[in-house]
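I have placed the structure first, in the form of structure tokens, so that the comments after it can refer back to it.
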Amino acid sequence: MNMHEFLARRSLVSKDRKFADRPEWNGEFTAMQEEVVNQEAFWDQDKNIVIHGPTSSGKTLLAEIAALHQIQEEGNKVLFLVPLRVLVTSQCR
């Protein structure tokens, strides 16, 4: 499933602007990401979820999408904590 088209359908990004344009992403959700975004609990602000997977499986991208949803759709503030310096460095590029 194409990530940008999915996010545009949910009105989280505009159709003419990409959510993420990084060389390491091909624009497609991984199987794990696709399974998670298709779960209603992922979009329900009253639900807590835990996403686990191996390194580089796309967990951070899911957290970014969830944060974007909370800011744009729900009008909430988001505090995004990342535990590793290398992750912070890659996110701030």
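A compact table of results
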read-out: Most to least packed among 49-60, 64-75 [average Cβ atoms within 10 Å]; value: 64-75, 49-60
read-out: Whole-Hz ³J(HN,Hα) from phi, Karplus 6.51 cos²θ - 1.76 cosθ + 1.60, for the range 43-51, glycine and proline x; value: 9, 8, 5, 8, 10, 9, 10, 10, 10
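Readers should treat all values here as calculations from the given coordinates under stated rules, not as data from a laboratory. On a predicted model such as this, the values are computed, not experimentally measured, just so you know. Here the Cβ is made from the backbone with ideal geometry for all residues, glycine too, and neighbour counts use every protein chain on show.
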